[in-house]
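Asker: The structure follows.
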Amino acid sequence: MTQAPAKNQSYRSDFRTAEQATDSPAWLRDVRAEAMARFEELGFPTARKGNEKWKYTNVAPIARSEFGFDPKRDLNGLNADSLTVAVPWHETWHRLVFVDGVFAKDLSSRPEAANGVRVSSLAEALVSDNGAVQEHLAKHALFEDDGFAALNTAFVRDGAYVRVTSNVTLETPIHLVFVSTGRAEPTVSYPRVLLVAEAGSRATVIESYVALGDGEYFNDAVSETVLGEGAEIEHYRLQAEGESAFHVGTARVVQAEGSNYSSSAFFKGSSLGRYDLSVLLDGPGSTCRLNGLYMTSGSQHQDNNINIEHAKPHTTSRLYYKGILDGKSRAVFGGTVLVRKEAQKTDALQSDKNLVLSPDAEVDSKPALFIYADDVKCGHGATAGNIDLDTVFYMRSRGLDVDAASRLLIYGFARESIDTVREQHLKSYLESLFLESLPKYRFEF
Amino acid sequence: MTEQRVISRKTGVEDTDYKWGFELDIESDIAPRGLNEDIVRLISAKKREPEWMLEWRLKAYRHWLKLGSEEPKWANVKFPPIDYQDMIYYAAPRSQADGPKSLDEIDPEILEGFNKLGIPLEEQKKLSGVAVDAVLDSVSVATTYQEMLKKVGVIFCSMSEAVKNHPELVQKYIGSVVPYSDNFYATLNSAVFSDGSFCYVPPGVRCPIELMTYFRINEMDTGQFERTLIIADKGSYVSYLEGCTAPMRKTHQLHAAVVELVALDDAEIKYSTLQNWYPGDKDGNGGVYNFVTKRGKAQGRGSKISWTQVETGSAITWKYPSVILQGDDSVGEFYSVALVNNHQQADTGTKMTHIGKNTRSTIIAKGISAGKANNTYRGQVKIMPTANGARNFTQCDSLLIGDECGAHTVPYIEVRNPTAQLEHEATTSKVSDDQLFYLQQRGLSLEESNYMIINGFCRGIFKELPFEFAAEASQLMRVSLEGTVG
């Protein structure tokens, strides 16, 4: 395909080192070997002509960098106190903490294994819950055509594992924390999440990627989420990586009949960020709601590629992504809604709105619809532009000055996304992260 | 054509519903099959072209060779590889080998053929208010109303004549909007283009009648590669129509045209297309591959270019009439109805590139899919850093008829200027049961109700068409959908 082999050959030697250092079940070793072979064939994607999924994002900075890898890293001086300041925090939340890709048992706090609910590291689950792990791991995030997913899978041996058993409602949110400490030399980590919500279960999961330092690093993350019949997952994803970080996140969600997946994703930081989310509505009556807010500045590049596949009838999807662009940053939105022939009575809405606040910023938006069923209601919309001058004029006529008026409009734009967050402690964290540092409008009227 | 004719494919040639599918029995002068430098030289020699034209063709041909088989692959269409060596690149009615002279000299068979298509070329019968350039296979056979146009200074003739009689204009503008290296098909066209229309409207002239080119493929296994160039000088206005049909064939035929429009200061070009190439039969056999590059450059301040297209024919349509909004305050418009049925595929849309200040573009695209067909709207709106105050509004609506077809919308929005305002909206649905129920309850048959709703769905586009075309377009929709609704 239109992919180039990675220039950097160190992944192969990293792979060998890792294989020697850890012990895993045979099936998982096979998966890893297959993924490594696939990655070596695929390499990283290129933005060459014809590669629609990567049309606007050039991953050359990742491909040409050297990242150190060590499956047994130390905490780099991180303790519980420094963690509470760095990440969204509440003492009651269950917590799985990963420091530079390595599970930090002492920083984590897990619920009692009541009702068969499991919140553990993937390595632990491979021992205690091998059947369920084998059933789902690497079965949804396919790496056949995806270099980044293949690379992550080649290194999968630990990660976050959550299984909520049938008809159990987990009131307390589970927080999956991936901290990058910013080491002296560039490092690479392969965060991995497997989330299984069995029939009729309910849970809230927060997935945070945060940085403590300014160092250069690369997070190649993959998550798989499986919703059984009637299951409900409220998912929050915070990607607040360091200023020189690279982050490529691949998320796959599979939904059974009547299930409900709602997700709010927030993006800030990282010099090159990509979030590739695919939701498969594989059961009649399943619903997904995907919200997103990306705020870019400096020379950042954030690419969100959100794909929703309606495979069964009576499925509903709502997609609302919003961006605020400042500096010389660039934001890319690529979304597809695919409605299969069987998926009659589909109801899909897709929207991407961008506020461009700087003359040097660029936004590229490509919301696409592919529809093969006739009895459907599908729509999409995309906008890009500055704050509306008529609205500013109206506000000025009511006595606000330009500065206050434009600030209020930008605030309102961002606020709408943050208001989708139902978990109060997370919401206040996001408010301070986003709303207190909103870019200003700097043009003459 | 002003009278409302009832067209029915049912009464056409046997075995099909495509009533334009007849073949003319005329002797043709045909180039050997295949493509090589000699063919390019042969075409150029046949047309007695000056040296610079041949050089340009050869440059394009050599570039095309370098492209290998790099046909654009991003479009949402599927077709087996085209063998470019198994095609005829030049075919001209023998009697017309020296190009059109006077109308009296045209082969009566050709005249009759165009009569059957509803495009009479004879002086006494010709369409009132429309000057027609009739292109058969590779050459222009007649251009009507030449005298009248000459009086106001409008040049409207075949491309071959223009190269001979107005070389300075052709040399200045050809390839200035669509360079020979633009894309695979445009490059191929630049090498082997045979004829097409040329139009130049002098400063301040409002062209008194509509200009029209009617394209007809007749010979078997020929590709049609025409090239159209329209230049509207300062403050002028021209409305141009394009129509096309082809005989029914079991094999596919390639039509790779290039259209270039140039609008100088305050000029306006209105370009309307009624594309009705043979779409292939019900099982997807035969039909024209319509791979066309159309682009206009709104070069002057306050200029305007408007594309209106009704696409009902062709097995595959790959076409993106675009506007480069270069002059400050220039305007670009794109109005489109694309209808696909049976096994037809269409990947069509537009590209609006905003460069000048306060440039405005409007895109209204309506897609209708029926049978097993697939219809894709693909459009790009690009705002360059210089385009302060640029404005775009895009609306794409799709209508699905039946559960085996597909409707797709792929907009590309690229914004590099914060003072620009862009909006894109799209909806997809089927004909609403409630609306059908209401109309039937008022006494209309199910079929009539469907037509009425579909007609209403397209109305906004039809009204952009010149009067003669609007009635025809609405009929064409009906014919194309016969048997699929109700």
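The values are calculated or read from the model by the stated rules, or taken from the named source; none is laboratory data. Quantities reported herein were computed from a predicted structural model and do not represent experimental measurements. Neighbour counts are summed over all protein chains in view; Cβ atoms, including those assigned to glycine, are modelled from backbone coordinates with ideal geometry.
Asker: Residues in the range A:82-99: is at least one in a loop (DSSP other than H, G, I, E, B), buried (at least 22 other Cβ atoms within 10 Å of the Cβ) and on the phi > 0 side of the Ramachandran plot? Show your work before the answer.
Answerer: Of the residues in the range A:82-99, the ones in a loop (DSSP other than H, G, I, E, B) are A:87-93.
Pick out the ones that are also buried (at least 22 other Cβ atoms within 10 Å of the Cβ) and you get A:88.
From what is left, the residues that are on the phi > 0 side of the Ramachandran plot are none.
Checked the range A:82-99: no residue is in a loop (DSSP other than H, G, I, E, B), buried (at least 22 other Cβ atoms within 10 Å of the Cβ) and on the phi > 0 side of the Ramachandran plot.
Asker: So B:Ile230 fits all but one of (1) more than 27 Å from B:Thr353 (Cα to Cα); (2) in a strand (DSSP E or B); (3) of a type in the set (A, V, I, L, M, F, W, C); what number is the exception?
Answerer: Of everything listed in (1) more than 27 Å from B:Thr353 (Cα to Cα); (2) in a strand (DSSP E or B); (3) of a type in the set (A, V, I, L, M, F, W, C), B:Ile230 misses just condition (1).
Asker: Next question, about the same structure. Could you tell me which residue of the range A:205-217 is nearest to A:His136 (Cα to Cα), considering only residues that are in contact (Cβ under 8 Å) with a residue 60 or more places away in the chain, buried (at least 22 other Cβ atoms within 10 Å of the Cβ) and touching a Leu at 6+ places or on another chain (Cβ under 9 Å)?
Answerer: The selected residue is A:Ile206.
Asker: From A:Asp375, A:Asp419, which residue is surrounded by fewer than 17 Cβ atoms within 10 Å (Cβ to Cβ), within 30 Å of A:Thr316 (Cβ to Cβ), within 7 Å of chain B (Cβ to nearest Cβ) and among the charged types (D, E, K, R)?
Answerer: Working: A:Asp419 fails: within 7 Å of chain B (Cβ to nearest Cβ).
The match here is A:Asp375.
Asker: Can you go through A:Asp74, A:Asp14 and tell me which one is surrounded by fewer than 16 Cβ atoms within 10 Å (Cβ to Cβ) and closer than 26 Å to A:Ser208 by Cα?
Answerer: Details: A:Asp14 fails: surrounded by fewer than 16 Cβ atoms within 10 Å (Cβ to Cβ).
That would be A:Asp74, the only listed residue that is surrounded by fewer than 16 Cβ atoms within 10 Å (Cβ to Cβ) and closer than 26 Å to A:Ser208 by Cα.
Asker: Go through the range A:401-445 and count every residue that is out of contact with any Asp or Glu (no Cβ under 8 Å at 6 or more places or on another chain), part of a helix (DSSP H, G or I) and in contact (Cβ under 8 Å) with a residue 40 or more places away in the chain.
Answerer: Going through the range A:401-445 one residue at a time, the tally reaches 12.
Each row is one residue, and each column tells you yes or no for (1) within 7 Å of chain B (Cβ to nearest Cβ); (2) crowded, with 23+ Cβ neighbours inside 10 Å; (3) touching a residue at least 40 places away in the same chain (Cβ under 8 Å); (4) in a loop (DSSP other than H, G, I, E, B).
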site	(1), (2), (3), (4)
A:Asp352	no, yes, no, no
A:Ser358	yes, no, yes, yes
A:Asp364	yes, no, yes, no
A:Leu369	yes, yes, no, no
A:Gly381	yes, no, no, no
A:Ile387	no, no, yes, yes
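Asker: Restricting attention to the range B:373-382, does a residue exist that is touching a residue at least 12 places away in the same chain (Cβ under 8 Å), more than 24 Å from B:Leu264 (Cα to Cα) and of a type in the set (Gly, Ala, Ser)?
Answerer: Residues of the range B:373-382 that are touching a residue at least 12 places away in the same chain (Cβ under 8 Å), as a first pass: B:373-382.
Among the residues that remain, those that are also more than 24 Å from B:Leu264 (Cα to Cα) are: B:373-379.
Going one step further and asking which of them are of a type in the set (Gly, Ala, Ser), we end up with B:373, B:379.
The answer is yes, given that some residue of the range B:373-382 is touching a residue at least 12 places away in the same chain (Cβ under 8 Å), more than 24 Å from B:Leu264 (Cα to Cα) and of a type in the set (Gly, Ala, Ser).
Asker: Return the total of residues in the range A:389-412 being among the β-branched types (Val, Ile, Thr) and surrounded by fewer than 16 Cβ atoms within 10 Å (Cβ to Cβ). Don't jump to the end; show me each part of the working.
Answerer: Taking the range A:389-412 first, the residues among the β-branched types (Val, Ile, Thr) are A:391-392, A:402, A:410.
Then keep just the ones that are surrounded by fewer than 16 Cβ atoms within 10 Å (Cβ to Cβ); that gives A:391, A:402.
Summing the residues that are among the β-branched types (Val, Ile, Thr) and surrounded by fewer than 16 Cβ atoms within 10 Å (Cβ to Cβ) in the range A:389-412 gives 2.
Asker: Just to be sure before I move on: is B:Arg216 more than 14 Å from the chain's Cα centre (by Cα), more than 15 Å from B:Arg295 (Cα to Cα) and of a type in the set (Lys, Arg) in the structure I sent?
Answerer: Values: more than 14 Å from the chain's Cα centre (by Cα): no; more than 15 Å from B:Arg295 (Cα to Cα): yes; of a type in the set (Lys, Arg): yes.
Judged against the criteria, B:Arg216 is not a match.
Asker: Scan the range A:118-137 residue by residue and report those that are among the small types (Gly, Ala, Ser) and either at pLDDT 95 or above or over 21 Å from A:Arg16 (Cα atoms) (or both). Working first, answer last.
Answerer: Step one: filter the range A:118-137 for residues among the small types (Gly, Ala, Ser), giving A:120-121, A:123, A:125, A:128, A:131-132.
A:Ser120, A:Ser121, A:Ala125, A:Ser128, A:Gly131, A:Ala132, listed by residue number.
Asker: Would you check which residues across the range A:17-70 are under 30 Å from B:Val77 (Cβ atoms), part of a helix (DSSP H, G or I) and in contact with a helix residue (DSSP H, G or I) (Cβ under 6 Å, 6 or more places away or on another chain) and list them?
Answerer: Quick first cut of the range A:17-70, residues under 30 Å from B:Val77 (Cβ atoms) only: A:38, A:41-59.
Checking which are part of a helix (DSSP H, G or I) leaves us with A:38, A:41-42, A:52-54.
Within the range A:17-70, A:Arg38, A:Leu42 meet the criteria.
Asker: While we're looking at this one, here's another question. Condition first: surrounded by 24 or more Cβ atoms within 10 Å (Cβ to Cβ), touching a Leu at 6+ places or on another chain (Cβ under 8 Å) and not in a loop (DSSP other than H, G, I, E, B). Now tell me which residues in the range B:312-345 satisfy that.
Answerer: B:Gly332, B:Leu339
Asker: Looking at the structure I just gave you, is A:Asp303 closer than 24 Å to B:Ala426 by Cα, in a strand (DSSP E or B) and touching a Lys or Arg at 6+ places or on another chain (Cβ under 6 Å)?
Answerer: Values: closer than 24 Å to B:Ala426 by Cα: yes; in a strand (DSSP E or B): yes; touching a Lys or Arg at 6+ places or on another chain (Cβ under 6 Å): yes.
When the stated conditions are applied, A:Asp303 passes them.
Asker: If you check A:Asp74, A:Asp100, A:Asp81, A:Asp23, which single one turns out to be acidic (Asp, Glu) and either at pLDDT 90 or above or within 24 Å of the chain's Cα centre (by Cα) (or both)? It would help to see each step written out before you state the result.
Answerer: Numbers: A:Asp74 fails: either at pLDDT 90 or above or within 24 Å of the chain's Cα centre (by Cα) (or both); A:Asp81 fails: either at pLDDT 90 or above or within 24 Å of the chain's Cα centre (by Cα) (or both); A:Asp23 fails: either at pLDDT 90 or above or within 24 Å of the chain's Cα centre (by Cα) (or both).
That would be A:Asp100, the only listed residue that is acidic (Asp, Glu) and either at pLDDT 90 or above or within 24 Å of the chain's Cα centre (by Cα) (or both).
Asker: Keeping to the range B:433-459, report how many residues are over 21 Å from A:Cys378 (Cα atoms) and either within 14 Å of another protein chain (Cβ to nearest Cβ) or small (Gly, Ala, Ser) (or both).
Answerer: 3
Asker: Could you check B:Lys430 against (1) surrounded by fewer than 15 Cβ atoms within 10 Å (Cβ to Cβ); (2) within 9 Å of chain A (Cβ to nearest Cβ); (3) of a type outside the set (Val, Ile, Thr) and say which number it fails?
Answerer: (1) is the only condition that B:Lys430 fails.
Asker: For residues that are within 19 Å of A:Ala343 (Cα to Cα) and more than 10 Å from chain A (Cβ to nearest Cβ), scanning just the range B:369-407, find the one that is nearest to the chain's Cα centre (by Cα).
Answerer: B:Ala373
Asker: Do you know which of the residues in the range A:158-178 that are in contact with a helix residue (DSSP H, G or I) (Cβ under 7 Å, 6 or more places away or on another chain) and surrounded by fewer than 20 Cβ atoms within 10 Å (Cβ to Cβ) is farthest from A:Arg192 (Cα to Cα)?
Answerer: A:Val168
Asker: Let me ask you something else. Of B:Val415, B:Val410, which residue is facing chain A (nearest Cβ under 7 Å), more than 25 Å from A:Lys377 (Cβ to Cβ) and in contact with a strand residue (DSSP E or B) (Cβ under 7 Å, 6 or more places away or on another chain)?
Answerer: Values: B:Val410 fails: more than 25 Å from A:Lys377 (Cβ to Cβ).
When all the criteria are applied, what remains is B:Val415.
Asker: Quick check on the range A:131-145: of everything there that is in contact with an Asp or Glu (Cβ under 9 Å, 6 or more places away or on another chain) and part of a loop (DSSP other than H, G, I, E, B), which residue is nearest to A:Ala35 (Cα to Cα)?
Answerer: The selected residue is A:Phe143.
Asker: Please state which one of A:Ser244, A:Ser297 is surrounded by fewer than 22 Cβ atoms within 10 Å (Cβ to Cβ), among the polar types (S, T, N, Q), modelled with pLDDT under 95 and under 21 Å from B:Arg416 (Cα atoms). Outline the logic, then answer.
Answerer: Numbers: A:Ser244 fails: under 21 Å from B:Arg416 (Cα atoms).
Selected residue: A:Ser297, the only one of A:Ser244, A:Ser297 that is surrounded by fewer than 22 Cβ atoms within 10 Å (Cβ to Cβ), among the polar types (S, T, N, Q), modelled with pLDDT under 95 and under 21 Å from B:Arg416 (Cα atoms).
Asker: Being more than 13 Å from every other protein chain (Cβ to nearest Cβ) and over 20 Å from A:Phe370 (Cβ atoms) is true for just one of A:Lys312, A:Lys322, A:Lys328. Which residue is that? Steps first, please.
Answerer: Numbers: A:Lys312 fails: over 20 Å from A:Phe370 (Cβ atoms); A:Lys328 fails: more than 13 Å from every other protein chain (Cβ to nearest Cβ).
Sole residue among the options that is more than 13 Å from every other protein chain (Cβ to nearest Cβ) and over 20 Å from A:Phe370 (Cβ atoms): A:Lys322.
Asker: Could you say which residue among A:Gly412, A:Gly381 is of a type outside the set (Phe, Trp, Tyr), under 25 Å from the mean Cα position of the chain (by Cα) and within 30 Å of B:Asp433 (Cα to Cα)?
Answerer: Numbers: A:Gly412 fails: within 30 Å of B:Asp433 (Cα to Cα).
Result: A:Gly381 is the single residue among A:Gly412, A:Gly381 that is of a type outside the set (Phe, Trp, Tyr), under 25 Å from the mean Cα position of the chain (by Cα) and within 30 Å of B:Asp433 (Cα to Cα).
Asker: At pLDDT 95 or above and aliphatic (A, V, I, L, M): does that describe A:Ala184? Before the answer, list the steps.
Answerer: Working: at pLDDT 95 or above: no; aliphatic (A, V, I, L, M): yes.
No; evaluated as a whole, the condition is false for this residue.
Asker: Another question about this same structure. Please specify each residue of the range B:346-355 satisfying the condition of being in a strand (DSSP E or B) and of a type in the set (Gly, Ala, Ser).
Answerer: Scanning the range B:346-355 gives a single hit, B:Ala346.
Asker: A follow-up question, please. So which of B:Trp277, B:Trp307 ends up being hydrophobic (A, V, I, L, M, F, W, C), more than 15 Å from B:Pro321 (Cα to Cα) and either without any contact (Cβ under 8 Å) to a residue 60 or more places away in the chain or in a loop (DSSP other than H, G, I, E, B) (or both)? Full working, then the answer.
Answerer: Values: B:Trp307 fails: more than 15 Å from B:Pro321 (Cα to Cα).
Just one listed residue meets the conditions, B:Trp277.
Asker: If B:Val485 satisfies all but one of (1) away from chain A (no Cβ under 14 Å); (2) modelled with pLDDT under 85; (3) not in a helix (DSSP H, G or I), what's the number of the condition it fails?
Answerer: Single failed check for B:Val485: (1).
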